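Here the structure is laid out as structure tokens; the discussion comes afterwards.
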Amino acid sequence: MNSFRREILISGFGGQGVVLAGRSLGLAAVHGGLEATMLISHGTETRGGYVRSQLVISDGEIDSPVVERADVFLALSQAAYERFRGMALNGLTLYDSDLVEPTEGLTHQLALPARRIAIESLGTEQAANMVALGHIAKLLDFLPFDCLRQAVTELSKRGREVNLAALELGRSLELE
């Protein structure tokens with residue numbers, strides 16, 4: 001029997017690195033000796049439409065790859081927040097506070113100005129996904145950060161150094 005199962009939902013719009021963030025988290029789990037599944041959904045548009053990565057991470061066999069009740073939900077756009085917030089009623093919702101106006105009804109919400117931090121600290125908004133991912137990794141007590149660094153290193157085809165710096169930056173954040 002599994003001692004834990006974590007469901008993680010990352011969503012935004014095309015071009016935000018949602019798929020890379022999801023793939024990195026899944027590969028990091030595998031590097032850490034865990035099981036992981038990931039499903040990706042795209043809106044009808046190729047770029048600019050909604051994108052969702054849903055991961056299930058467990059220490060045993062995963063019976064379904066579908067996220068039903070997200071333990072962690074990262075919303076990188078208002079549309080993503082509105083569309084999927086019902087899946088995270090009792091989990092932790094992190095949202096980009098420059099892009100999302102939160103509503104009542106979720107148990108635990110945490111503002112994360114990932115886009116602004118990426119621009120101000122790294123000079124590019126393209127690193128916002130890695131800033132957010134670094135902070136998520138900090139919150140996941142079962143996932144060694146070195147495994148995530150390794151996964152991002154392997155999966156980043158371009159911008160590897162910026163992605164790794166953004167990951168570290170996200171991990172260093174103290175949010176309330």
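Against the numbered list (1) of a type outside the set (Lys, Arg); (2) at pLDDT 95 or above; (3) farther than 16 Å from Leu140 by Cα; (4) part of a helix (DSSP H, G or I), Val30 comes up short only at (3). Exactly one residue among Arg52, Arg23 is basic (Lys, Arg), at pLDDT 90 or above and out of contact with any Ser or Thr (no Cβ under 7 Å at 6 or more places or on another chain), and that residue is Arg23. Picking from residues in the stretch 106-140 that are within 14 Å of the chain's Cα centre (by Cα) and of a type in the set (Val, Ile, Thr), the one that is nearest to Val162 (Cα to Cα) is Val131.
Among the residues of the stretch 113-147, the ones that are within 13 Å of His31 (Cβ to Cβ), buried (at least 18 other Cβ atoms within 10 Å of the Cβ) and either touching a His at 6+ places or on another chain (Cβ under 8 Å) or not hydrophobic (A, V, I, L, M, F, W, C) (or both) come to 1 in all. The residue that is nearest to the chain's Cα centre (by Cα), among those in the stretch 49-67 that are surrounded by fewer than 12 Cβ atoms within 10 Å (Cβ to Cβ) and not aliphatic (A, V, I, L, M), is Ser64.
For the stretch 148-176, filtering for residues that are loosely packed, with under 14 Cβ neighbours inside 10 Å, out of contact with any strand residue (DSSP E or B) (no Cβ under 8 Å at 6 or more places or on another chain) and not charged (D, E, K, R) leaves 1.
The values are calculated or read from the model by the stated rules, or taken from the named source; none is laboratory data. All figures in this text were calculated on a predicted structure; none of them were measured in a lab. Because the Cβ atoms are built from the backbone with ideal geometry, glycine has one as well, and the counts that use them run over all protein chains shown.
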